[in-house]
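Let me begin by presenting the structure, written as structure tokens, before commenting on it.
Quick note: the coordinates plus some simple rules give every number you see, no bench work behind them. On a predicted model such as this, the values are computed, not experimentally measured, just so you know. Please note: Cβ atoms are built from the backbone with ideal geometry, for glycine as well, and neighbour counts cover all protein chains shown.
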Amino acid sequence: MTRMHRWKRWNDWGRAIILGVFAASLVLPLAAQAEDRAPDPSGANTGTAIDVPAATGGAPTLGEVAAQVGHNKVAINMMWTLVTGFLVMFMQAGFAMVETGLTRAKNVAHTMAMNFMIYPLGMLGFYLCGFAFMFGGLGAIGTMGGYAGLNHEVTIHLFGKSFGLFGMNGFLLSGQYDVAVFALFLFQMVFMDTTATIPTGAMAERWKYLSFFIYGWFVGTILYPIYGNWVWGGGWLAMLGQNFGLGHGHVDFAGSSVVHLTGGVIGLVGAWVLGPRIGKYNKDGSPNAIPGHSIPMAIIGTFILAFGWFGFNPGSTLAGTDLRIAVVAVNTMLASATGAVAAMLWMWMVRSNKPDPSMMCNGMLAGLVAITAPCAFVNSGNACLIGLIAGVLVVEAVYFIERVLKIDDPVGAISVHGVNGAWGVLSLGLFADGTYGDGWNGVAGTVKGLFYGDGGQLVAECIGVLANVVYIGAVSFVVFKLIEAVVGNRVHPSVEINGLDVPEMGVPGYVGIKLDKHSETPLPVLMPVGAGEPQAAGR
Amino acid sequence: MKKLEVIIRPEKLEAVRQAMEAVGYPGITLTEAEGHGKQKGMTQQWRGETYCVPFLPKMKLEIVIADADLEKMIQAVTKAARTGAVGDGKIFVSDIRDVVRIRTGERGEQAI
């Protein structure tokens, strides 16, 4: 045999042996299992001790079982956080539908584009630095495994107390490549995007898309996150309890102030800076109706938001194992119902003589906004009451803002989110009943409001509202004034009258559908100025 | 030849169309119109604000007939369209100089 011949024989044998071992390794385990598992249609026999990783398969030690239990607990909590986060993301569609339904057909492409684009814009700003500012100093993520790498909070010290201002860990999530942080990021991001989309309603039908685009970067980077840090990131509003004995500090379970009041205040400032739509107000200051073009869109959008709120509120436990989620969900649902009914009845019997569909929607949303802060801390009866008051409040707020403040809010965003966001946290300060929240914000004992023995809680809520209005109001004013100086906020009057779709977006929202005169600007109130250009107020 | 512009309530469209057909004139041009005479407009409400829509939906039918059928047509249309309430509509009668059937080129009354 030649040397090459011998090598070839060894090679052939070697390959045959390897192949044989490989085949055996496939077949033998199958043969071993072949007698264990029949098909299991009921599921009663699927998932047993064999599924617990153990040194001895099927006979785990107590330690191995404990490890699996801990892992499962965190898994339930993380799944809960993620799936409820997905529900909240879907609320973006709800906002888009409501706002577009309550505004005119000639502007649908523009209104929809704003509601669409705010989602990625807000998200990227939050990813860039917003999340770091808001949660960079959060500390341990207790419900999802306790990772504590978000540990840098910028703090100032006054009167011997610490005042957390903003975080500094997690820019672009760098250095925080941890599953709990990622889950937290997603969940908190969709909340931020809820805030971000609220002002597009108050500022619809005359806001320049370029100005909106620039705003979109500011809301996720500095507007929302800084106040958010003060309440949810371990900042000074949360510490009002530890520092000054004011209840458990400013408590806001799912964001009546952090999300909704913030959005409402930005909308208020923005709508005020923009000025009213052409034709909204007559020379004597009396308002004109500018009817929206699709009640079906508004109604469906409201249902989408109500559905998403089942993620918004119960999800804020960040823990599927915290069974208070059942109470949170029911409180949320009840407040939405009383809000809707109260608003409808108030319109039908008191303010006008018709049950206005768009106000029904505003009423349900107002109830949802108001219950967002107290949902984990109140009983069902008080949840109904909070929603009922919200329903009346939103109608009165719409009238007040339109007729007294003379600020044009096409969809009622300021009334729904701003006014009822404030009412929400104040109602927590009144009705929190002490059945939940032990240790909240580092203060021992459960959360109680004024009517259950803790007046300091109401004071903390008031301070939180004030801080929001001042900070958000001031910063959004600066932002809008900055944008005004650089590119301008408002579209040209002729663009506004003919519809924003083609000049701003390049395409009509509805092609092949003839728009009728209800989509036009109310003609009798146009005041020609100079060469036939109607005047438009803008500040 | 006479042209009739008939403005009626939208819900009377089918009745008037059938009346015209019964007189012997199945050919109609229909426009969806808005208008008002003495009838005041519609009042609507949006978020508590009442506003008046001065123009009400109407249907406008245009038909060209032979002179001989004028009275018969007016009677038939009026009977079909009348409800007795304000807003029943109007018939405007005008003279037509000529009619052309495009398919065949016929002119005059035989082209109606």
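Residues B:Asp95, A:Asp51, A:Asp193 in ascending order of nearby Cβ atoms (within 10 Å, fewest first): B:Asp95, A:Asp51, A:Asp193. Once the chain from A:Trp348 to A:Asn11 is taken as fully extended at 0.36 nm per residue, the excess over their C-alpha distance is 112.1 nm.
Take B:38-47, A:82-91, A:55-64 and order them by the average number of nearby Cβ atoms within 10 Å per residue, most first; the result is A:82-91, B:38-47, A:55-64.
Backbone amide hydrogens, once placed in the peptide plane, bring B:His36 within less than 5 Å of B:Leu56, excluding anything fewer than 5 places away on its chain. For segment B:2-111, the mean projected area of the C-alpha convex hull, equal to one quarter of the hull surface, is 8.5 nm².
Among residues other than A:Gly429 with Cβ under 9 Å from its Cβ, the summed charge is -2 (Lys and Arg +1, Asp and Glu -1). Compute the signed sum of charges (Lys and Arg +1, Asp and Glu -1) over the other residues within less than 9 Å, Cβ to Cβ, of B:Ala81. Value of the local net charge: +3. Three principal axis extents of segment A:243-328 based on alpha-carbon atoms, in descending order, are 57, 41, 17 Å. Its alpha carbons give segment A:325-371 an Rg and a Dmax of 11.4, 39 Å.
Of the peptides A:462-472, B:27-37, A:167-177, A:195-205, the ranking by mean beta-carbon count within 10 Å, highest at the top, reads A:195-205, A:462-472, A:167-177, B:27-37. Neighbour counting of Cβ atoms within 10 Å sorts the residues A:Val378, B:Val53, A:Val478, fewest neighbours leading, into A:Val478, B:Val53, A:Val378.
To make sure I understand the rule: partners must be lysines, Cα under 30 Å from the Cα of A:Lys514, and not fewer than 8 residues away in the same chain. Which ones qualify? By straight Cα distance, A:Lys514 reaches A:Lys106, A:Lys208, A:Lys280, A:Lys354, B:Lys3, B:Lys12, B:Lys38, B:Lys40, B:Lys58, B:Lys60, B:Lys90.
Ranked by the mean number of other Cβ atoms within 10 Å per residue, highest first, peptides A:94-101, A:397-404 order as A:94-101, A:397-404. Based on Cα contacts under 8 Å between residues 6+ apart, chain A shows a relative contact order of 20 percent.
Summarising the amide proton neighbourhood of B:Ile96: residues at separation of 5 or more, or on other chains, whose placed amide H is nearer than 5 Å comprise B:Lys2, B:Lys3. Each helix, a run of at least 4 DSSP H residues, gives -39500 (n - 2.57); summed and divided by the residues of chain A, these come to -17500 deg cm²/dmol at 222 nm.
Across all Cα pairs in chain A, the calculated P(r) in 20 Å bins from zero up to the longest distance comes to 21, 47, 21, 9, 3, 0 percent per bin. Overall shape: oblate for segment A:50-178, with the ratio a/c of the largest to smallest alpha carbon gyration tensor axis at 1.5 or above and b/c at least equal to a/b. Charge tally around A:Gly292: other residues with Cβ under 13 Å, Lys/Arg +1 each, Asp/Glu -1 each, net -1. Our note on the geometry: Cα centres of segment A:284-304 and segment A:96-116, 11 Å apart.
Cβ crowding within 10 Å ranks A:Ser257, A:Ser294 as A:Ser294, A:Ser257, fewest other Cβ atoms first.
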